[in-house]
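Here is the structure we will look at.
The values are calculated or read from the model by the stated rules, or taken from the named source; none is laboratory data. Model, not experiment: these values are computed from the prediction. Note: ideal-geometry Cβ built from the backbone for every residue, glycine included; neighbour counts use all protein chains shown. Surface areas here come from the heavy atoms of the whole protein model, side chains and all, with no ligands, DNA or RNA. Shrake-Rupley method; radii C 1.70, N 1.55, O 1.52, S 1.80 Å.
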Amino acid sequence: MIEIKNLTKVFGRKHALDDVSFTVEKGEIVGFLGPNGAGKSTAMNIITGYLSSTSGTVKVAGIDVFEDPDEAKKLIGFLPEQPPLYQDMTVSEYLGFVYELKKCKLNRKKHIDEICKVTKIDDVRNRLIKNLSKGYRQRVGIAQALIGNPPVIIFDEPTVGLDPKQIIEIRNLIRNLGKTHTVILSTHILSEVNSVCDRIVIINEGRIVADEKTENIANAVRKGTVYNVKICGPQRDVMNSLREISGVTRVDVTGEREIDSYTYRIESQQGVDIRKPLFYAMSKQGRPIIGLEAAQSSLEDIFVQLTETGERSAK
Amino acid sequence: MLAIYKKELKTYFTTPLGYAFIAVFLAVSGAVFCISTYQLQTSDISGYFQIMIFGYIPIVPLLTMRSFAEERRAKTDQILMTSPVSVGSMVFAKFLAALTMFAGTVLLSCLYYLPMPSYGEVNTAKAAGCLIAMLLVGTCFISVGIFVSTLTESSVTACVGTMGILLLFAGLGLINNLVDSYAVRSVISWISVYSRYYYFTYGIFDIAATIYYISVTVIFLFLSVRICERRRYA
């Protein structure tokens, strides 16, 4: 549905985007993830035609955004970082304006009613936008993006500034939209992509550092397997004998302790199962293993790991 | 395009700006009209017209200062630029909305002419000529205002900048009278918006001047489009 090839954007001497390529399939919800200033908004602004690229192509449903912008723009609903709201209009007036602006052909009243219901702004329709709270403004911004029922929806940080209840509502809304639309959303909130997105594209300093299905992202990053093991006995002895096991690449103490046991974090080489050798090694020394579990590395860890290596390689 | 035009017109009346423009315009033009005709006991309105054209300098920027500057400040330009509307029709819609406001107010000020016949015979050709010139010069100034508005994010800067350019136009006309060299004078008078309308004040429809004013308008609107498009490449 969206095809981005070798996209580069240079601001002065800064490469905001550096040879970015990825595709988004129809009906997919893709999370665009990265620290502040990584190039997320730039990429979205280019896809929607607000900015031009220095080089590279963007195609939406086969239509080149740079060659046929008017046709491409019809296919995209866009919520920018700051919702583009006219403060002196009421919500109804505003949505009516957007309806006309996008040259929408659907039944006007029915379509706008439906969108207001979906985004839960029915009760503020006759209020001036400048008098609305941040959460409502954000929702009006989302409503605006939905007008004309575009097949592609792009949200730039849709949940910023919302309270937790609103965040959950908006996430549910996005999940529902994903059933019928292709959605790209950018965020730096990791749990958000985890709960909403099918796929994650992580970008750092203008470059893509990971592009994986949400459930695979952990494996894609981690080279081997990590276990948290609880073993009784003096810390130093246990650490030494753990390091002697073949396949173990790294041992740390996590700091958790019970009366006579410590928890160790053991990283192992990829493809080597260290659990049996671990058991035998410990039992030979008479040190009971009282807990063994595969560590689930969180998205935060992955993110930090990826963006840090990106920084290092950039230097 | 129609959507933006309607929105712009509506904005003039949902913010105090439209009312301010109409009020200031009518107050200034009313005062000038009284002084230049009733008080001088004359039915010749070319004097009124020649003063009013300087009166435009502080008034016209009120109409145009917000048009693009405010959109950029409030980041609402994003919805315009990402909608299936070309930049050209966007600029034109905004220009047209300002022109509608302006022309409407000028037509409203035509009420001043009503008591004129009691002061003597009115030269209708002259009055009509002045009216057309007023509209043409105004159109030209609005395009300048729109252009300046695309350059900045601040309405105030846009307002002051437009006034500056209009003052420069007016200044050129005045300098023209002081210069001796014929060559310099002809160049200045060519670019001076203020030295073009004279035939109109005699009731003669000057096609060359009309084309001149329309050309200047088109040039400034074109420049506005270029500025908006260039911003995408920044």
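Through the Karplus equation 6.51 cos²θ - 1.76 cosθ + 1.60, θ set to phi - 60°, convert the phi angles of the stretch B:213-226 into ³J(HN,Hα) values in whole Hz; use x for Gly and Pro.
3J(HN,Hα) across the stretch B:213-226, in whole Hz: 5, 5, 4, 4, 4, 4, 4, 5, 5, 4, 4, 4, 4, 4.
Contact order normalised by length for the stretch A:215-290, with contacts defined as Cα pairs under 8 Å and 6 or more residues apart; what percent is it?
Over the stretch A:215-290, the number comes to 38 percent.
For chain A, what is the mean residue ellipticity at 222 nm derived from helices alone (per DSSP H run of n ≥ 4: -39500 (n - 2.57); sum divided by total residues; nearest 500 deg cm²/dmol)?
The helix-only estimate for chain A comes to -11000 deg cm²/dmol at 222 nm.
With a/c under 1.5 counting as rounded, go ahead and sort the protein assembly as shown into rounded, prolate or oblate using the C-alpha gyration tensor (a ≥ b ≥ c being the square roots of the eigenvalues; past the cut-off, prolate if a/b is larger than b/c, else oblate). If you can, show how the numbers build up before the last one.
Details: a/c = 3.58, a/b = 2.84, b/c = 1.26.
Note, shape of the protein assembly as shown comes out prolate.
Roughly how big is the A-B contact, given as buried accessible area in Å² (both sides, 1.4 Å probe, nearest 100)?
Looking at A and B, the buried total is near 2500 Å².
Taking only protein heavy atoms and a 1.4 Å probe, what accessible area per residue, in Å², does the stretch A:223-296 have with all protein chains in place?
64
For the stretch A:37-97, what relative contact order do you get, as a whole percent, if you take Cα pairs closer than 8 Å and at least 6 residues apart? If you can, show how the numbers build up before the last one.
Details: 33 pairs, mean separation 13.9, N = 61.
Here the relative contact order equals 23 percent.
Between 0 and 90 degrees, rounded to the nearest ten: what's the tilt of helix B:16-33 against the longest Cα principal axis of chain B?
Long axis of B:16-33 versus the principal axis of chain B: about 10 degrees.
Quick one: dipole size for the protein assembly as shown, taken about the Cα centre, charges +1 on Lys/Arg Cβ and -1 on Asp/Glu Cβ, in debye to the nearest 20.
On the way: 59 positive and 51 negative charges, 80 e Å.
Approximately 380 debye in magnitude.
Accessible area drop of at least 40 Å² (1.4 Å probe, protein heavy atoms): which residues of the stretch A:69-85 qualify, relative to the chain alone?
Flagged in the stretch A:69-85: A:Asp70, A:Lys73, A:Gln82, A:Pro84.
Shielding by partners for A:44-51, please: the mean number of other protein chain Cβ atoms within 10 Å of each residue's Cβ. Please list the in-between numbers first.
Details: counts 1, 4, 1, 1, 4, 5, 8, 5.
That average works out to 4.
Per the 1.4 Å probe, what fraction of the accessible area of the protein assembly as shown, in percent, lies on carbon and sulfur atoms?
Here it works out to 57 percent.
Positive end of the charge dipole of the stretch A:223-296 (Lys, Arg +1 and Asp, Glu -1 on Cβ, about the Cα centre): tell me which of A:Val226, A:Val272, A:Asn240 has its Cα farthest that way.
Of the options given, the answer is A:Val272.
What ranking do A:70-83, A:101-114 get when scored by the average of other Cβ atoms within 10 Å per residue, highest first?
Working: A:70-83: 21.5, A:101-114: 15.1.
Top of the packing list down: A:70-83, A:101-114.
For the cross-link pairs A:Lys40/A:Lys179; A:Lys26/A:Lys59; A:Lys26/A:Lys179; A:Lys120/A:Lys213; A:Lys5/A:Lys26; A:Lys5/A:Lys59, which exceed 19 Å when the distance is taken from alpha carbon to alpha carbon?
A:Lys40/A:Lys179; A:Lys120/A:Lys213
In terms of modelled amide H atoms, which long-range or inter-chain residues lie less than 5 Å from the amide H of A:Arg127?
Hits under the 5 Å cutoff: A:Val91, A:Ser92.
Over what distance in Å are the Cα centres of the stretch A:224-254 and the stretch A:92-133 separated?
Cα centroid of the stretch A:224-254 versus Cα centroid of the stretch A:92-133: 60 Å apart.
Please compute the average number of Cβ atoms from other chains found within 10 Å of each residue's Cβ in peptide B:3-15. It would help to have the intermediate numbers written out before the result.
Values: counts 8, 3, 0, 4, 9, 0, 0, 5, 3, 0, 1, 7, 2.
Mean partner-chain Cβ count within 10 Å for B:3-15: 3.
Helix A:134-146 against the longest principal axis of chain A: what's the angle in degrees, Cα atoms only, rounded to the nearest 10?
Long axis of A:134-146 versus the principal axis of chain A: about 70 degrees.
Going by the alpha-carbon gyration tensor, a ≥ b ≥ c the square roots of its eigenvalues, is the stretch A:1-72 rounded (a/c under 1.5) or, if a/c is not under 1.5, prolate (a/b greater than b/c) versus oblate?
Judged from the Cα gyration tensor, the stretch A:1-72 comes out oblate (a/c at least 1.5, b/c at or above a/b).
When Cβ neighbours within 10 Å are restricted to other protein chains, what is their mean count per residue of peptide A:95-102? Before the final figure, lay out each step's value.
On the way: counts 0, 3, 6, 4, 1, 7, 13, 6.
Other-chain Cβ atoms within 10 Å of each residue's Cβ, averaged: 5.
Compute, for B:Tyr199, the solvent-accessible surface of its heavy atoms (probe 1.4 Å) with the complete set of protein chains present, and express it in square angstrom to the nearest 10.
That residue has around 130 Å² of solvent-accessible surface.
Could you sort the peptides B:90-98, B:35-43, B:180-188 by per-residue average Cβ neighbour count (10 Å cutoff), highest mean leading?
Numbers: B:90-98: 23.7, B:35-43: 14.7, B:180-188: 11.3.
Taking the mean over residues of other Cβ atoms within 10 Å, the ranking is B:90-98, B:35-43, B:180-188.
Peptides A:173-179, B:53-59: what's the order by average Cβ count within 10 Å, highest mean first? Please report the intermediate quantities before stating the final value.
Numbers: A:173-179: 16.3, B:53-59: 18.6.
With the highest mean Cβ count within 10 Å placed first, the list reads B:53-59, A:173-179.
Please give the per residue accessible area of the stretch A:2-220, computed with a probe of 1.4 Å over protein heavy atoms only, in Å². Present the calculation step by step, with values, prior to reporting the outcome.
Numbers: 9000 Å² over 219 residues.
Ligands and nucleic acids excluded, the figure is 41 Å² per residue.
Considering the zone a paramagnetic label at A:Lys110 would reach in this model (a point 7 Å from Cα along the Cα-to-Cβ line), which residues of the stretch A:134-167 have amide N under 15 Å from it?
Only A:148-149 pass the distance filter.
What figure, in Å² to the nearest 10, do you get for the accessible area of A:Thr263 with a 1.4 Å probe and non-protein molecules left out?
Here the accessible area works out near 10 Å².
How far, in degrees from 0 to 90, does helix A:108-119 lean away from the longest principal axis of the Cα atoms of chain A, to the nearest 10?
Taking Cα atoms only, the helix is inclined about 20 degrees.
So if each residue of separation counts as 0.36 nm, and I subtract the Cα-Cα distance between B:Val24 and B:Val218, what length gain in nm does that give? Each step should come with its number before you reach the end.
Details: separation 194, 0.36 × 194 = 69.84 nm, distance 2.70 nm.
So the chain would gain 67.1 nm between B:Val24 and B:Val218.
Which value, in debye to the nearest 20, describes the size of the charge dipole of the stretch A:1-107 about its Cα centre when Lys and Arg Cβ atoms bear +1, Asp and Glu Cβ atoms bear -1, and nothing else is charged?
Value, rounded to 20: 140 debye.
With every protein chain left in place, what is the accessible area per residue of the stretch B:65-123 in square angstrom, probe 1.4 Å? Walk me through the numbers before you get to the answer.
Values: 2250 Å² over 59 residues.
Averaged over the residues of the stretch B:65-123, the accessible area is 38 Å².
Which whole-number percent gives the relative contact order of chain B, counting Cα pairs below 8 Å spaced six or more residues apart?
With pairs under 8 Å counted, the relative contact order is 27 percent.
Got a number for the accessible area of A:Glu3? Probe 1.4 Å, square angstrom, nearest 10.
Counting only protein heavy atoms, the figure is 70 Å².
Around A:Gln235, what is the net charge, scoring Lys/Arg as +1 and Asp/Glu as -1 over all other residues with Cβ under 14 Å from its Cβ?
Values: positive: A:Lys230, A:Arg236, A:Arg243, A:Arg257, A:Arg265, A:Arg287; negative: A:Asp237, A:Asp252, A:Glu256, A:Glu258, A:Asp260.
So the surrounding residues net to +1.
Pairs to check: A:Lys14/A:Lys130; A:Lys74/B:Lys6; A:Lys110/A:Lys165; A:Lys9/B:Lys94. Give those whose C-alpha atoms are more than 32 Å from each other in this structure.
Over 32 Å Cα-Cα: A:Lys14/A:Lys130.
Once you place label points 7 Å from the Cα toward the Cβ at A:Asn176 and A:Ala294, how far apart are they in nm?
In this crude spin-label approximation the distance works out to 3.6 nm.
Cross-link partners among aspartates and glutamates for B:Lys75, C-alpha distance below 12 Å, same-chain residues fewer than 8 apart left out?
Within the straight-line cut-off, B:Lys75 pairs with A:Glu81, B:Glu153.
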